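Undergrad: I have a structure I would like to understand better, so I am pasting it below and will then ask my questions one at a time.
The values are calculated or read from the model by the stated rules, or taken from the named source; none is laboratory data. Because the structure is a prediction, the values reported are computed rather than measured. As a convention, Cβ positions derive from the backbone with ideal geometry for all residues, glycine included, and neighbour counts pool all protein chains shown.
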Amino acid sequence: MVLNKRFKNGIKLLAIPTKGTEAVSVLVLVRVGSRYEKKSLNGASHFIEHMFFKGTEKRPDNLSIARVLDGVGAEYNAFTAKDHTGYWIKVDKNKLEIALDVLSDIIFNSVFEKKSFAKEKGVIMEEIKMYEDNPMTYIDDLFDQNIYRATSLGRSIGGKIKNIKKIQREDILKFKNTYYQAKNLEIILAGRINKKTINLVKKYFGNHQSSQKHKIEKFEKVKSRNLTFRQKINIVYRDVKQAQLIIGFPAYSYFHKSINALSLLGIILGGNMSSRLFSEVRVKRGLAYYIKPGHSAKEHTGDLSIKSG
């Protein structure tokens, strides 16, 4: 039976028992991402994600965290999006308490040690270069710049290198303390779980309180009809053998009543080998290796695109 619960401190819990497995996956979602950043702090959410694995008061460095999880054969990682950040661990059901301990520790007790902070700037700048050097991934950022023009959703999740160089530890900590609060957390559990699982979640997450209030601003959709034809086009020249192309449109948010219909439209257009675009562009005409739709839903808006190379 699926359990949907909210603890007294505001944390939401979604627990989904699954038969036929001896593993449990834990995902902690935080309601913060690059859309909540000021321009001067662009990249802060992604930077925080990195720093959470660099050391806590209990586990002072990266190896102290990694050895605990590697020692029980866990799979784990994290990700940053435009409007949320996620931290997840998949582990044997008998090691679930270790996973919850580590997740609560990195989220609430990370120290952001100064030397680690300075070193991580270099790591993040290399990650930014990696994505910018790949036209197939970089074109997604260019598309966002256009369709979400002049809003925080138009900025890249990782930020710009010049921004990362300037960003200060104190600014990152202030941003973290504003958004990493109990009321902004949702915990999702799936796998071999039982009633005792809820008590474990409460043990590690139930006593943390929210100390500040902040307002989540509603995103105002860019009115594309006010843009000229030239403003709707973004072209970047690279000395490579293939051109990447995205054609896209404003679309629905997570919660729109037609979100499932939009997903179905994407499948009809290019979701499989019998789809219309795949059949026409690749099979019949041989014009491209790949052509596929993309639907990016966010809290208050979204977009639908067709991407090809």
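Undergrad: Whether any residue in the stretch 215-222 is over 21 Å from Arg31 (Cβ atoms) and at pLDDT below 90 is what I want to check.
TA: yes
Undergrad: Within the stretch 145-161, which residues are modelled with pLDDT under 95 and assigned to a helix (DSSP H, G or I)?
TA: Result: Gln145, Asn146, Ile147, Ser152, Leu153, Gly154.
Undergrad: For the stretch 243-264, name all the residues that are out of contact with any Phe, Trp or Tyr (no Cβ under 6 Å at 6 or more places or on another chain), among the aliphatic types (A, V, I, L, M) and either at positive phi or surrounded by 16 or more Cβ atoms within 10 Å (Cβ to Cβ) (or both).
TA: Ala251
Undergrad: Among residues belonging to the stretch 162-195 that are in a helix (DSSP H, G or I) and basic (Lys, Arg), point out the one that is farthest from Ser45 (Cα to Cα).
TA: Looking at residues that are in a helix (DSSP H, G or I) and basic (Lys, Arg), I get Lys195.
Undergrad: Another question, then. Which number in (1) among the charged types (D, E, K, R); (2) buried (at least 17 other Cβ atoms within 10 Å of the Cβ); (3) touching a Lys or Arg at 6+ places or on another chain (Cβ under 7 Å) marks the one condition that Glu49 misses?
TA: Result: Glu49 fails condition (3) only.
Undergrad: Sticking with this structure for a sec: Go over the candidates Gln209, Gln231 one by one and state the one that is modelled with pLDDT under 90, loosely packed, with under 14 Cβ neighbours inside 10 Å and in a helix (DSSP H, G or I).
TA: When all the criteria are applied, what remains is Gln231.
Undergrad: Could you go through the stretch 8-15 and let me know if any residue there is under 16 Å from the mean Cα position of the chain (by Cα), assigned to a strand (DSSP E or B) and at pLDDT 95 or above.
TA: No: the stretch 8-15 contains no residue that is under 16 Å from the mean Cα position of the chain (by Cα), assigned to a strand (DSSP E or B) and at pLDDT 95 or above.
Undergrad: Restricting to the stretch 175-198, and then to whatever is of a type in the set (D, E, K, R) and at pLDDT 95 or above, can you tell me which residue is surrounded by the most Cβ atoms within 10 Å (Cβ to Cβ)?
TA: In this case the residue turns out to be Lys176.
Undergrad: Can you pull out every residue in the stretch 139-154 that is in contact with a helix residue (DSSP H, G or I) (Cβ under 6 Å, 6 or more places away or on another chain) and either of a type in the set (D, E, K, R) or touching a residue at least 60 places away in the same chain (Cβ under 8 Å) (or both)?
TA: The answer is Asp144, Gln145, Tyr148, Ser152, Leu153.
Undergrad: Answer yes if at least one residue in the stretch 263-274 is within 24 Å of Asn146 (Cα to Cα) and touching a Lys or Arg at 6+ places or on another chain (Cβ under 7 Å), and no otherwise.
TA: Taking every residue of the stretch 263-274 in turn, at least one turns out to be within 24 Å of Asn146 (Cα to Cα) and touching a Lys or Arg at 6+ places or on another chain (Cβ under 7 Å).
Undergrad: Among the residues of the stretch 128-139, are any in contact with a strand residue (DSSP E or B) (Cβ under 8 Å, 6 or more places away or on another chain) and crowded, with 17+ Cβ neighbours inside 10 Å?
TA: Among the residues of the stretch 128-139, at least one is in contact with a strand residue (DSSP E or B) (Cβ under 8 Å, 6 or more places away or on another chain) and crowded, with 17+ Cβ neighbours inside 10 Å, which makes the answer yes.
Listed here are the residues, each with its yes/no results for (1) under 18 Å from Ile164 (Cα atoms); (2) aromatic (Phe, Trp, Tyr); (3) crowded, with 17+ Cβ neighbours inside 10 Å.
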position: Glu57; (1), (2), (3): no, no, no
position: Ile65; (1), (2), (3): no, no, yes
position: Tyr76; (1), (2), (3): no, yes, yes
position: Ile98; (1), (2), (3): no, no, yes
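Undergrad: When Glu299 is evaluated against the numbered criteria (1) touching a residue at least 60 places away in the same chain (Cβ under 8 Å); (2) on the phi > 0 side of the Ramachandran plot, which criterion, by number, is the only one it fails?
TA: That leaves (2) as the condition not met.
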